[in-house]
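**Q** Just dropping this structure here.
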Amino acid sequence: MSRVKIVGGGLTGILAAFEAHRLGVRDIQLYERFDQLGGVALPETRLGLEMREGCIYFGPKDDPIRTLLEAYGPTFEDFDNRFGSVSPDGAGGVTYVDDFGGPALPCHGIGLTPPAGPSLADRLNAYPSDLRDGLTRYARWHLGHDLKTVHGDAAIPMAINRVFPRGSNLADLAEIKRHDALADELYAIPRALWGRTANLTASLPKGGFTGLLRRCRLALEAIGVTLHDQTLVSPRQALTEHASGEVLVWAANPTPMFKAAGVATPKLLPKSFSTHVFAAAWTGARPFYVQNFTAEGACFRIYIYESAGQTLLTAECVRESPLTELRQEIHHLLRGFEGELVLGDVLSTSIKPRWVYHSLEALQGLAQLRLALADRMGDAFVAGAWEPYAKGQKFAEVNAGLARALGVEAQAAAA
């Protein structure tokens, strides 16, 4: 196939364009409905500062995504990957855990029951009752939806996919994780206690995300990718205008594709979050993030980072909160970690829906959509890795789809 047409100029679409070029394609068309590339990775800028929503990192030197981007010009800076979590201690207080981003909940046993189904409720019911109750309370606070309608993989973006059962015997916990796949999937040990070195180092793009995306644009233009800014390609148009010898990569939101493919549109799980970015002074590690699993207050994650030499703090909240209360909550959540905080002015406030949590109905619908498009176009249609949450998994899935469509051996595609 001689042409690759990519709809969606977010990070997935950008990486697909670079990968297609690496695999030998020289006629690459990239369509983006806005006037800038980047999608959700593109932060709003105010006074030259990036108002980051969410916490996006890249891996260390050998990370495949970073390696591909570096091959085309963007550069990255490594940093010591520091994070923490705040969880209920079972006695009315909280416990602070360094270098662990999941819930650390008190428990009296670590026996598990295999999940009875694919829902988030089924996944949480696999735990002993004391862990199950704490996780269920958190998930309801965070989502506000019936957990029986949510797919179990929603535990990943909520950071409750692995739990540290505080009070358990570490040797027993390590042993069960080594020999039981379910226990390894559902339980975690903080890296300081586990002796593991994974995730010690992460990276961020030099010049921030705006700089990264600007360099990506220049690199795409330099290798001959045709960029169509402010161009909305409808699914029906993309399918009816598809030419022989062309690969179509749909890296945009798949929701509009259902009607065009003749598949019933599933019900999604809308969830709006309130995000505030503060000017700040912080004497601890930067970047640094903290997850709140207490199901109290409004803030579920704090992210401290630098932009243009200034320290900023992003507070992501499950609901709106008066700023006075939010400031107090932020100080409370950071109290147990090394560093002194001074919060300055609010630089940005936003309330936006995020369609990141999959319902069971949505995943069933996406599977039907994939089948319908495969029947219609075969390997010439490459889905933009709609289901996975992790960047690495999305990257690998799209790359595998491109390799199949282009008739490239998997080993060569991964080289």
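Any read-out appearing in this document is the output of simple, stated calculations on the displayed coordinates, not a laboratory observation. Every value quoted in this text rests on a predicted model; they were computed, and no experiment measured them. No Cβ is skipped: glycine too gets one built from the backbone with ideal geometry, and neighbour counts run over all protein chains shown.
**Q** Please compute, over every Cα-Cα pair in the stretch 272-353, the percentage with a separation greater than 21 angstrom. Please report the intermediate quantities before stating the final value.
**A** On the way: 656 of 3321 pairs.
Result for the distance tail: 20 percent.
**Q** Here is a further query. Just rank Thr210, Thr201, fewest to most, by other beta-carbon atoms within 10 angstrom.
**A** Details: Thr210 20, Thr201 14.
Least to most surrounded, the residues fall as Thr201, Thr210.
**Q** A further question follows. Quick one: of the DSSP bridges fully inside the chain, what percent are antiparallel, nearest 5? Can you show the working numbers first?
**A** Values: 44 of 70 bridges.
Around 65 percent of the beta bridges assigned by DSSP in the chain are antiparallel ones.
**Q** Continuing with the same structure: What is the Cα radius of gyration of the stretch 284-415 over 2.2 N^0.38 Å, N being its residue count?
**A** Working: Rg = 21.3 Å, N = 132, 2.2 N^0.38 = 14.1 Å.
Cα Rg divided by the expected 2.2 N^0.38 Å: 1.52.
**Q** May I pose another question? With Kirkwood's inverse mean 1/r over C-alpha pairs for Rh, give me the Rg to Rh ratio of the stretch 187-260, two decimals please. Don't jump to the answer; show the numbers that get you there.
**A** On the way: Rg = 20.4 Å, Rh = 17.1 Å.
Looking at the stretch 187-260, the ratio lands at 1.19.
**Q** Now for a separate question. Going down the list Lys5/Lys61; Lys267/Lys394; Lys271/Lys352; Lys177/Lys391; Lys206/Lys394; Lys148/Lys177, which pairs span over 20 Å between their C-alpha atoms?
**A** Lys5/Lys61; Lys267/Lys394; Lys177/Lys391; Lys206/Lys394; Lys148/Lys177
**Q** Where in the stretch 301-337 does the amide nitrogen come within less than 17 Å of the point 7 Å from the Cα of Thr349, taken along Cα to Cβ?
**A** Within reach of a label on Thr349: 313-330.
**Q** According to the Cα gyration tensor, what semi-axes, each the square root of 5 times an eigenvalue, does the equivalent ellipsoid of the stretch 307-371 have, listed from largest to smallest in whole Å?
**A** Working: eigenvalues 261, 41, 36 Å².
One finds semi-axes of 36, 14, 13 Å for the stretch 307-371.
**Q** Please identify the trypsin sites (Lys or Arg not before Pro) of the stretch 59-129 that satisfy two criteria: DSSP loop assignment and at most 16 other Cβ atoms within 10 Å. Which are they? Don't skip to the answer; put the middle values down first.
**A** On the way: sites: Lys61, Arg66, Arg82, Arg123; in loops: Lys61.
Those satisfying the criteria are Lys61.
**Q** State log₁₀ I(q)/I(0) for the stretch 69-148 at q = 0.20, 0.26 Å⁻¹ as given by the Debye formula over alpha-carbon point scatterers of equal weight, solvent excluded.
**A** With no solvent term, the Cα-only Debye profile gives -0.95, -1.30.
**Q** Report the charge-dipole magnitude of the chain in Debye, nearest 20, computed about the Cα centre from +1 at each Lys and Arg Cβ and -1 at each Asp and Glu Cβ. If you can, show how the numbers build up before the last one.
**A** Numbers: 41 positive and 45 negative charges, 128 e Å.
Charge dipole of the chain: 620 debye, to the nearest 20.
**Q** So, with +1 on the Cβ of K and R and -1 on the Cβ of D and E, and no other charges, what is the size of the charge dipole of the stretch 272-353 about its Cα centre, to the nearest 20 debye? Let's see the in-between values first.
**A** Numbers: 6 positive and 9 negative charges, 31 e Å.
Charge dipole, the stretch 272-353, about its Cα centre: 140 debye, nearest 20.
**Q** Got a sec? Charge dipole of the chain, +1 on Cβ for Lys and Arg, -1 for Asp and Glu; which of Pro235, Leu343, Thr45 is way out at the positive end?
**A** Projecting each Cα onto the dipole axis, the largest value belongs to Pro235.
**Q** Please give the calculated 222 nm ellipticity per residue for the chain, where each DSSP H segment of at least 4 residues contributes -39500 (n - 2.57) and the sum is spread over every residue; nearest 500 deg cm²/dmol? Can you show the working numbers first?
**A** Working: 14 runs with 138 residues, N = 415.
After summing the helix terms and dividing by the residues of the chain, the value is -9500 deg cm²/dmol.
**Q** Dividing the Cα convex hull volume of the chain by residue count, how many Å³ per residue is that? Provide the component values of the computation, followed by the final result.
**A** Numbers: hull volume 60.4 nm³, N = 415.
Each residue corresponds to 145 Å³ of Cα convex hull volume.
**Q** Related question: So how strong a dipole does the stretch 50-122 carry about its Cα centre when Lys and Arg Cβ are +1 and Asp and Glu Cβ are -1, to the nearest 20 debye? Provide the component values of the computation, followed by the final result.
**A** Values: 4 positive and 12 negative charges, 41 e Å.
Dipole of the stretch 50-122, to the nearest 20 debye: 200 debye.
**Q** I've got another one for you. Which net charge results for the neighbourhood of Thr45, defined as the other residues with beta-carbon distances under 15 angstrom from its beta-carbon, given Lys and Arg at +1 and Asp and Glu at -1? Can you show the working numbers first?
**A** Numbers: positive: Arg46, Arg52, Arg214; negative: Asp35, Glu44, Glu50, Glu53, Glu306.
Neighbour charge sum, excluding Thr45 itself: -2.
**Q** In nm, to one decimal, how far is the Asp99 label point from the Glu221 one, both placed 7 Å along Cα→Cβ?
**A** Label-label distance for Asp99 and Glu221, simple model: 4.5 nm.
**Q** Place +1 on the Cβ of every Lys and Arg and -1 on the Cβ of every Asp and Glu in the chain, take the dipole about the Cα centre, and give the residue among Met257, Ala188, His332 whose Cα lies farthest towards its positive end.
**A** In the chain, that residue is Met257.
**Q** Once label points are set 7 Å from the Cα along Cα→Cβ at both Leu323 and Ile156, what is their separation, rounded to one decimal in nm?
**A** Computed distance between label sites Leu323 and Ile156 equals 3.7 nm.
**Q** Still on this model: Mind giving me the FRET efficiency for Glu185 and Asp130? R0 is 25 Å, r the Cβ-Cβ distance, nearest 0.05 is fine. Before the final figure, lay out the partial values.
**A** Values: r = 19 Å, r/R0 = 0.77.
Efficiency, rounded to the nearest 0.05: 0.85.
**Q** I'd like to compare 228-240, 48-60: which one has the highest average count of other Cβ atoms within 10 Å, and what's the full order after that?
**A** On the way: 228-240: 14.6, 48-60: 17.8.
By packing density, highest mean first, the sequence is 48-60, 228-240.
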